[in-house]
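Below is one structure, written out as structure tokens; the observations come after it.
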Amino acid sequence: MTEAIKFLEPDAAILARRKEIVDDLAELVPPERLVHEPVELVPFETDGFLAYRRRPLAVVLPETTAQVAAVMKYCHRYGIPVVPRGAGTSLSGGAIPQEDAVVLGLSAMSRILDIDYANRTATVQAGVTNLSISDAVGADGFFYAPDPSSQLACTIGGNIGMNSGGAHCLKYGVTTNNLLGVKLVLVDGTVVELGGKALDTAGYDLLGVVCGSEGQLGIVTEATVRLIAKPEGARPVLFGFDSAEAAGSCVADVIGAGIVPVAIEFMDKPAIEICEAFAHAGYPLDVEALLIVEVEGSEAEMEAMLASIVEIARRHGVRTVRESQSALEAALIWKGRKSAFGATGRIADYICMDGTVPLGQLAYVLRKTSEIIDRYGLRVANVFHAGDGNMHPLILYNINDPEDAARAEAAGMEILKLCVDAGGCLTGEHGVGIEKRDLMRHQYSDVDLAQQMAVRAAFDPAWILNPSKVFPLEGRE
Amino acid sequence: MASQLTPATETEAAEIIRDHAERAAPLEIRGGGTRAGFGNAVQAAATLSSSGLSGILTYNPAEMVMTARAGTSVAEIEAALDANGQAMAFEPPDHRPIMGTTGEPTIGGLFAVNASGPRRITAGAARDSLLGVRFVNGHGEIVKAGGRVMKNVTGLDLVKLMAGSHGTLGLLTEVTFKVLPRPKTAATIVLSGLDDEAATHAMAAAMALPVEVSGAAHLPESVKSRFLSGGLPEGPATVLRVEGLEASVAVRVEKLAAAMQRFASTTRLGPEETAVLWREIRDVKPYADGTMRPLWRVSVAPSQGEKLVAALRLATGVDAFYDWQGGLVWMRMEADPEAEILRRYIRALGGGHATLVRASGAVRASVAAFEPQEPALALLSQRVKAKFDPVGILNPGRMTTGEPA
Ligand SMILES: Cc1cc2nc3c(=O)[nH]c(=O)nc-3n(C[C@H](O)[C@H](O)[C@@H](O)COP(=O)(O)OP(=O)(O)OC[C@H]3O[C@@H](n4cnc5c(N)ncnc54)[C@H](O)[C@@H]3O)c2cc1C
Ligand SMILES: Cc1cc2nc3c(=O)[nH]c(=O)nc-3n(C[C@H](O)[C@H](O)[C@H](O)COP(=O)(O)OP(=O)(O)OC[C@H]3O[C@@H](n4cnc5c(N)ncnc54)[C@H](O)[C@@H]3O)c2cc1C
């Protein structure tokens, strides 16, 4: 694999003191909560961005906020970098450590602390997985809305770190719109509470800036999230179109007609073929673009909405319309879409890009994307959240061929720049991490970036928290 | 009389702020001035107005996004949205009636105070709709943050920080925000005769149903007659709103009414009365009483609003009604603001915050308008403020946060 992305040089003085640091950490947490044997450190070397790995100094897996605070206080005192980690499913390298850093893994803090139906909140420890919140309240008719495809594994702390989204965010918003409060350990070990069960927070919206800060402002140990009453039912419909343009203008007209479905997912022909071969979901193979539109509500409501949507699709020359008639069919429609990453992984290595564009630019960006991919002699499959313009080109390549890998990486960067130039941004849900760090200047001016870094410095003046990430290494305050 | 500076461009605004920063000369930031008298008083020899920065820049209804200059009047924005069957989902209130002010609210002022109405309980606050901003910080630098797409996690979310910062971090020059289709129709179920506590339970039960209640408010006897020109049925009114497409509202209202039978007798309001009622709730109609009697906006966990009022009633003269299922309590005090006791009770009931929205000049001079923060949080907020406005020239003193302790 390439090593195009640089990390900060590890601090030799810290590396030299490794043994001492491990001994000191052993005083702060029980022995089984400290990982330091080289072989045991291997699983923490990388995250979902597998192309890069670094072995951390040590890994601490605390069980309490007090332990997190003690570790932070210690690392702060000695200037030791800390990399927070949830489940390590980041696709942008957000949780990849560096050699002189202590990884602070929250996975052991996985208790649901409070479920409050009267106020429709759940308070959970940071290591609780996204799906287990919905599982815990599902039988009582509630759910937690943001639903990343990784929801079985990823943690609420990691979701807050990345401000994660998912297919159903069109209606319910992303993490930041569903987060009411956090317990946050600051870089020096101070514990603060931001927000709580009240719907609005007081003073500056620090909760808003912590959400999506990729482990750079503090360690989240607990979170209070909104629960929402489950709709009576939900039903996806599959639409096949002869062109991406037709699918795109259908989406625009649905929204223009005053209908906001819960999800509008888009797949291009290569993605349809890959998913169908794997999931046998019955996707049409004679179309250029496919939309999965999901509506929810009572039977009567869904009927009414679907009738309008189908009508609009017909006006755009839809070739295939498949309404799911049963729960089984609905599950099958989603299975195809949800297996996109896994199915692609079976036929080739791939990198999953994550840019957003204004809806009106979708067709243009898809066209340009295929031009870029052709120029590099690669293949691409596109699946994405069309309702909010969040594109996920999967660039296929051969991981064992360094030149191919370098081409894939370079093509990916061009596509992200294209998204920005089309009025969008570098990342809609996977974060900047190390992956897009050096493209930040493409989206922001030096002044814009300096203002963000200044806010970062208000929380962490010495840049101890996850320091290799998000901001270009040059020009930091 | 403070001099008024009205830049015609963002560049000019930046020059003015840079010049004032160099001279450490404070500026009061002003939109339409309809909130004049909100927050703590600002001492500044000059006022910087956004009124020269006006106009809708882009609006594509199919993308559900609008970009406008900060000084654009809310009326102009709403008219443009209305023509396309869309609206700001967070239902920004018009506080002119309670503040006794005139003038035209601006879109920048609205986001600067993070205005949010009854639909906040499902659609979020103004900050949840704000996607991107341009602003001039206290150095006189022009900064852009966020973008114009629904999902954006590129770097730190300074957009949220600017929302609700009351002009203390920068002068907003441009805002990009999400808009939604305006509900095609709406209906309200009125439950009559419930006391505050029973109403709180009924509202929680309604919000737990799969019928998407988009507004839940309780109007005790003391205020009820001031809504709908006295047209609500006998007794305290607990009101629940359902919105959406015709067919869907009809079905959901049936279900909601059936489920609410066990709490009280119910009546229904059609779309016209629903529109009027919720506008009156949004704009705090009962306390648009032409007085300067202290008015608080209290945000607590929805189940605690009623307990807070019950406790306060034992100690002082207070009149109140509840929005957001009790999570937003509007309180008018008989005479004194009773800030100390109110804030103590809020802490005892699990936290939240109280904002003094209206009071006489004398009261405002002695009572902090915003909730005082814990020391560690106050320090952090001050450090953040210093990163935007190190000289402290932007609305000094308006929020307690950011002021030297
Ligand atoms: C005390 C009070 C509390 C309120 N609370 C709420 C509430 O909780 N929810 C709600 O929905 N509405 C609230 N409002 C109403 C809301 O503020 C108005 O509807 C809003 O639109 C005011 O716009 P304006 O242009 O008149 O602002 P102004 O009255 O001119 O200014 C309001 C505040 O915003 C700042 N400001 C104005 N323009 C800019 C700008 N371009 N850049 C940076 N800062 C700027 C000002 O410095 C001032 O602090 C409140 C009003 C008052 C008076
Ligand atoms: C197959 C697959 C599908 C995916 N689908 C989606 C999707 O649909 N939508 C989406 O948004 N993402 C998706 N992702 C990306 C990833 O799952 C999310 O970014 C997720 O939120 C990461 O959670 P995590 O617990 O694994 O965090 P990690 O990867 O461990 O960490 C993510 C970031 O958050 C920080 N962090 C973690 N915990 C804390 C904490 N407690 N306090 C402070 N900072 C912390 C880390 O430092 C890092 O910067 C997918 C990933 C995979 C592998």
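The values are calculated or read from the model by the stated rules, or taken from the named source; none is laboratory data. If you're wondering where the values come from, they're calculated on a predicted model, not measured in any experiment. Every residue, glycine among them, receives a Cβ derived from its backbone with ideal geometry; neighbour counts consider all protein chains shown. Only protein heavy atoms, including side chains, enter the accessible area calculation; ligands, DNA and RNA are left aside. Shrake-Rupley method; radii C 1.70, N 1.55, O 1.52, S 1.80 Å.
The condition of being among the hydrophobic types (A, V, I, L, M, F, W, C) and within 29 Å of B:Glu141 (Cβ to Cβ) holds for only one of A:Met353, A:Met391, A:Met413, that being A:Met413. Contact map, segment A:335-351: residues that are under 17 Å from A:Asp147 (Cβ atoms) paired with residues that are part of a helix (DSSP H, G or I) and open to solvent by 50 Å² or more (accessible area, probe 1.4 Å), Cβ distance under 9 Å, separation 6+ or inter-chain. Pairs shown: A:Gly336/A:Phe278; A:Ser339/A:Phe278; A:Ala340/A:Phe278; A:Gly342/A:Phe278. Of everything in segment A:336-352, what is of a type in the set (Val, Ile, Thr) and more than 11 Å from ligand 2 (Cβ to nearest atom)? Give them in sequence order. Once the filter is applied, which keeps residues that are of a type in the set (Val, Ile, Thr) and more than 11 Å from ligand 2 (Cβ to nearest atom), segment A:336-352 yields A:Ile347, A:Ile351. Does B:Ala75 qualify as being crowded, with 22+ Cβ neighbours inside 10 Å, closer than 28 Å to B:Arg148 by Cα and among the aliphatic types (A, V, I, L, M)? Considered against the rule, which asks whether it is crowded, with 22+ Cβ neighbours inside 10 Å, closer than 28 Å to B:Arg148 by Cα and among the aliphatic types (A, V, I, L, M), B:Ala75 comes out as no. Counting only residues that are in contact (Cβ under 8 Å) with a residue 40 or more places away in the chain, surrounded by fewer than 24 Cβ atoms within 10 Å (Cβ to Cβ) and not in a loop (DSSP other than H, G, I, E, B), how many does segment A:59-101 have? So the answer is 8.
Among the residues of segment A:253-295, those identified as within 14 Å of chain B (Cβ to nearest Cβ) and open to solvent by 30 Å² or more (accessible area, probe 1.4 Å) are A:Asp253, A:Gly256, A:Ala257, A:Val260.
Would you call B:Gly155 closer than 18 Å to A:Met453 by Cβ and within 16 Å of ligand 2 (Cβ to nearest atom)? Considered against the rule, which asks whether it is closer than 18 Å to A:Met453 by Cβ and within 16 Å of ligand 2 (Cβ to nearest atom), B:Gly155 comes out as yes.
For segment B:252-271, the set of residues classified as more than 11 Å from B:Ala187 (Cα to Cα), open to solvent by 30 Å² or more (accessible area, probe 1.4 Å) and assigned to a helix (DSSP H, G or I) consists of B:Lys255, B:Ala258, B:Ala259, listed by residue number. Restricting attention to segment A:195-215 and to residues that are touching a helix residue (DSSP H, G or I) at 6+ places or on another chain (Cβ under 7 Å) and more than 24 Å from B:Thr168 (Cα to Cα), the residue that is farthest from the other protein chains (Cβ to nearest Cβ) turns out to be A:Gly215. One residue stands out among those in segment B:122-142 that are surrounded by fewer than 24 Cβ atoms within 10 Å (Cβ to Cβ) and β-branched (Val, Ile, Thr): the one that is farthest from the chain's Cα centre (by Cα), which is B:Ile142. Can A:Ala136 be described as under 26 Å from A:Trp334 (Cβ atoms), open to solvent by less than 10 Å² (accessible area, probe 1.4 Å) and more than 13 Å from ligand 2 (Cβ to nearest atom)? No; evaluated as a whole, the condition is false for this residue. Taking the conditions exactly as written (free of Cβ contacts under 8 Å to residues at least 60 places away in the same chain, under 25 Å from A:Leu206 (Cβ atoms) and open to solvent by less than 20 Å² (accessible area, probe 1.4 Å)), does A:Asn178 satisfy them or not? Spelling it out, A:Asn178 is indeed free of Cβ contacts under 8 Å to residues at least 60 places away in the same chain, under 25 Å from A:Leu206 (Cβ atoms) and open to solvent by less than 20 Å² (accessible area, probe 1.4 Å). Figure legend. Inter-residue proximity from segment A:23-51: first residues crowded, with 17+ Cβ neighbours inside 10 Å, second residues assigned to a helix (DSSP H, G or I), beta-carbon distance below 6 Å, spacing 6+ or different chains. Indicated pairs: A:Leu28/A:Ala70; A:Leu28/A:Val71; A:Val29/A:Gln67; A:Leu34/A:Leu25; A:Leu34/A:Ala26; A:His36/A:Val22.
Tell me whether segment B:223-230 contains one or more residues that are of a type in the set (Val, Ile, Thr) and under 20 Å from B:Asp94 (Cβ atoms). So far as segment B:223-230 goes, yes, one or more of its residues are of a type in the set (Val, Ile, Thr) and under 20 Å from B:Asp94 (Cβ atoms). Considering B:Glu15, B:Glu63, B:Glu10, the condition of being of a type in the set (Asp, Glu) and either surrounded by 22 or more Cβ atoms within 10 Å (Cβ to Cβ) or near ligand 1 (Cβ under 9 Å from one of its atoms) (or both) is satisfied by B:Glu63 alone.
A:Glu414 passes every criterion in (1) more than 14 Å from chain B (Cβ to nearest Cβ); (2) open to solvent by 30 Å² or more (accessible area, probe 1.4 Å); (3) modelled with pLDDT under 95; (4) more than 16 Å from ligand 2 (Cβ to nearest atom) apart from (3).
Cβ separations smaller than 7 Å between residues 6+ apart or across chains give the following pairs from segment A:421-444 residues that are more than 9 Å from chain B (Cβ to nearest Cβ) and within 16 Å of B:Lys151 (Cα to Cα) to residues that are assigned to a helix (DSSP H, G or I) and open to solvent by 10 Å² or more (accessible area, probe 1.4 Å): A:Ala422/A:Gln361; A:Ala422/A:Tyr364. Within segment A:374-389, the residues that satisfy the criterion of being over 24 Å from the mean Cα position of the chain (by Cα) and assigned to a helix (DSSP H, G or I) are A:Asp374, A:Arg375. If the condition is being open to solvent by less than 20 Å² (accessible area, probe 1.4 Å) and facing another protein chain (nearest Cβ under 7 Å), then segment A:216-237 contributes only A:Ala229. Just one of the listed residues (B:Gly31, B:Gly100) is crowded, with 19+ Cβ neighbours inside 10 Å and at pLDDT below 95, and it is B:Gly31.
Restricting attention to segment A:118-133, and to residues there that are within 14 Å of chain B (Cβ to nearest Cβ) and assigned to a loop (DSSP other than H, G, I, E, B), which single residue is surrounded by the fewest Cβ atoms within 10 Å (Cβ to Cβ)? Only one residue fits best here, namely A:Ala118. Can B:Ala208 be described as among the aliphatic types (A, V, I, L, M) and within 12 Å of another protein chain (Cβ to nearest Cβ)? The answer is yes for B:Ala208. Only one of the numbered conditions (1) more than 8 Å from ligand 2 (Cβ to nearest atom); (2) within 11 Å of another protein chain (Cβ to nearest Cβ); (3) among the hydroxyl-bearing types (Ser, Thr, Tyr); (4) touching a residue at least 40 places away in the same chain (Cβ under 8 Å) is violated by A:Tyr144, and that is (2).
When B:Thr176, B:Thr188, B:Thr154 are checked against the criterion of being touching a Ser or Thr at 6+ places or on another chain (Cβ under 9 Å) and either open to solvent by 20 Å² or more (accessible area, probe 1.4 Å) or at the interface with another protein chain (Cβ under 10 Å from one of its Cβ atoms) (or both), B:Thr154 stands alone in meeting it. If the condition is being within 9 Å of chain B (Cβ to nearest Cβ) and buried (at least 24 other Cβ atoms within 10 Å of the Cβ), then segment A:181-194 contributes only A:Leu194. No other residue among B:Pro210, B:Pro220, B:Pro183 is in contact with a strand residue (DSSP E or B) (Cβ under 8 Å, 6 or more places away or on another chain), open to solvent by 20 Å² or more (accessible area, probe 1.4 Å) and in contact (Cβ under 8 Å) with a residue 12 or more places away in the chain apart from B:Pro183. Among the residues making up segment A:296-331, those that are over 30 Å from the mean Cα position of the chain (by Cα), in a helix (DSSP H, G or I) and not aliphatic (A, V, I, L, M) are A:Glu299, A:Glu301, A:Glu303, A:Ser308, A:Glu311, A:Arg314, A:Arg315. Screening A:Val191 against (1) at pLDDT 95 or above; (2) within 25 Å of the chain's Cα centre (by Cα) leaves a single unmet condition, (2).
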